[in-house]
Amino acid sequence: MIKFGVVGCGRISKRHLDLLGGGQIEGARLTAICDNDPERLEAARQRHNVAAYDSLDKMLADPDVDVVTVLTPSGMHAEHAIAAAQAGKHVVVEKPMALRLEDADAMIAACDRARVKLFVVKQNRLNVPVVKAREALDAGRFGKLVLGTVRVRWRRDQSYYNQDSWRGTWAQDGGVLANQASHHVDLLEYFMGDVVSVHARASRALVDIEAEDTAIATLQFASGALGVIEATNAARPRDLEGSLSILGEGGTVVIGGFAVNKMITWDFVDPQAGDEDVLDKFSVNPPNVYGYGHQAYYEHVVDCLQNDTAALVDGLEGRRSLELITALYESIETGQDVPLRFRSRHARLGG
């Protein structure tokens with residue numbers, strides 16, 4: 001049994017705590033929680049009846065914790081992940097793994113030195129339609145890739161940002177690109193490959209925060225394909241969609257729904273047996289706002305730890321999408337095309 005401690009009992013923690021503390025992950029058990037907010041900590045303790053700590057150092061001293069799941073504000077991920085690694089604990093960290101590339105590098109180095117595994121939560125990669133589409137990509141069914149797009153049209157009004165003082169700040173959160181759309185940015189790169197350059201624009205349309213609530217971007221991939229990102233928290237009056245489209249010379253796949261969970265289009269130049277059933281069989285309604293894949297993700301983490309296998313999204317892979325997000329912010333600040341493999345001078349994320 002692999003024993004998990006969770007640091008951060010805020011909004012996203014319910015999904016993690018219910019899975020780990022509810023016996024839904026075979027081979028995993030929730031043994032400890034940590035938060036510096038007494039009310040949140042007590043509420044989580046009463047719900048799950050596990051050891052509760054008001055400081056991370058205290059939880060890290062608990063020998064009944066093998067893995068630390070970091071669910072604190074994004075700007076604190078590096079500090080908490082590094083502390084966990086130094087205590088000899090494996091680390092699961094929510095997206096984005098950090099807000100600065102230097103912090104991501106420090107996290108990777110700390111885990112390497114301690115010989116512990118680092119898992120970055122990108123649960124949408126394990127959504128049923130995403131897995132099916134990736135199988136088609138790996139089988140070469142798309143042929144030459146032409147265009148990849150992601151679209152996030154969600155609702156986050158002022159009351160959402162007012163829940164916590166760190167939300168929408170440069171130092172601890174960033175805007176829609178760093179937070180809500182980071183999964184979709186990751187999926188775009190996961191399917192389309194390395195990015196050569198980006199050009200992005202953003203606005204603060206409907207809320208009073210430091211960062212953006214709406215952004216668009218165009219991308220040039222190393223393959224020659226193009227990409228488009230459309231992301232907003234300004235959809236009103238409700239959430240609309242989180243979608244991914246992949247177009248190639250051999251076919252087109254569109255995954256839509258609220259959380260990249262519904263196969264909309266599955267159409268290939270050379271049909272194969274079973275294609276006619278894909279739209280019906282490879283869609284899953286997400287059980288909550290965070291989508292479907294957290295359970296599959298934790299099952300993957302347990303499998304990696306039990307069998308000492310590689311993570312689907314380790315520190316290096318998590319850093320890859322952070323580099324793309326940082327480039328998007330750099331372009332927003334400068335108004336210029338930004339090549340990947342650059343040194344940030346203007347992006348305010350994490351500052």
Worksheet item: Which value does Rg/Rh take for region 69-153 over its C-alpha atoms, Rh per Kirkwood?
Response: 1.11
Worksheet item: Tell me, in nm to one decimal, what length is gained between V269 and E79 on full extension, where the rule is 0.36 nm per residue of separation less the Cα-Cα distance?
Response: 63.5 nm
Discussion item. So if I place +1 on the C-beta of Lys and Arg and -1 on the C-beta of Asp and Glu, and nothing else carries charge, what would the dipole magnitude of region 144-212 be about its Cα centre? I want it in debye, nearest 20.
Written reply: 340
Response to the item:
Taking a crude spin-label model, label points 7 Å out from Cα along the C-beta direction, the D164 to E135 distance in nm is 3.6
Worksheet, complete the sentence: Once normalised by the length of the chain, the mean sequence separation of its alpha carbon contacts under 8 Å that are 6 or more apart gives a contact order in percent of 18
Item to complete: Pull out a ≥ b ≥ c, the square roots of the eigenvalues of the alpha-carbon gyration tensor of region 87-212, then state rounded if a/c is under 1.5, prolate if not and a/b is larger than b/c, and oblate in the remaining case.
Response: oblate
Worksheet item: In region 24-95, what percent of the accessible surface is made up of carbon and sulfur (1.4 Å probe, ligands and nucleic acids excluded)?
Response: 43
Discussion item. Just to be sure I follow the rule: in the chain, considering lysines 8 or more places apart or on different chains, how many pairs have Cα atoms under 13 Å apart?
Written reply: 6
Worksheet, complete the sentence: Carbon and sulfur atoms account, in whole percent of the 1.4 Å probe accessible area of region 96-205, for 45
Worksheet item: Given a 1.4 Å probe and the protein chains all in place, what does the accessible area of W166 round to, in Å² to the nearest 10?
Response: 60
Worksheet entry | Dipole of region 194-351 [Lys/Arg +1, Asp/Glu -1 at C-beta], most positive-end residue of T309, A327, G248 | A327
Practice prompt. List, largest first, the extents of the alpha carbons of the chain along their principal axes, each in whole Å.
Written response: 56, 48, 43
Worksheet item: How would you classify region 173-260 from its alpha-carbon gyration tensor, with a ≥ b ≥ c the square roots of the eigenvalues: rounded for a/c under 1.5, else prolate if a/b is greater than b/c, otherwise oblate?
Response: oblate
Worksheet, complete the sentence: If the chain between M1 and Q86 were fully extended at 0.36 nm per residue, the gain over the current Cα-Cα distance would be 28.4 nm
Practice prompt. Quick one: grab the alpha carbon gyration tensor of region 1-92, order the square roots of its eigenvalues as a ≥ b ≥ c, and give me rounded if a/c is under 1.5, else prolate or oblate depending on whether a/b is larger than b/c.
Written response: rounded
Worksheet entry | Percentage relative contact order, region 218-351, counting C-alpha pairs under 8 Å, at least six apart | 11
Worksheet item: If you take the C-alpha gyration tensor of region 254-351, multiply each eigenvalue by 5 and take the square root, what semi-axes do you get, largest first, in whole Å?
Response: 33, 22, 15
Worksheet item: Suppose R0 equals 35 Å; then what is the FRET efficiency for A205 and L279 from their Cβ-Cβ distance, rounded to the nearest 0.05?
Response: 0.55
Worksheet, complete the sentence: So R238 and E102, fully extended at 0.36 nm per residue minus their Cα-Cα distance, gain in nm 45.3 nm
Worksheet entry | Magnitude of the charge dipole, the chain, Cβ model with Lys/Arg +1 and Asp/Glu -1, debye to 20 | 320
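The values are calculated or read from the model by the stated rules, or taken from the named source; none is laboratory data. Everything quoted here is computed from the prediction, not taken from an experiment. Cβ sites come from the backbone with ideal geometry, for glycine too, and all protein chains shown count toward neighbours. Please note that ligands, DNA and RNA were not included when accessible areas were found on the heavy atoms of the full protein model with its side chains. Shrake-Rupley method; radii C 1.70, N 1.55, O 1.52, S 1.80 Å.
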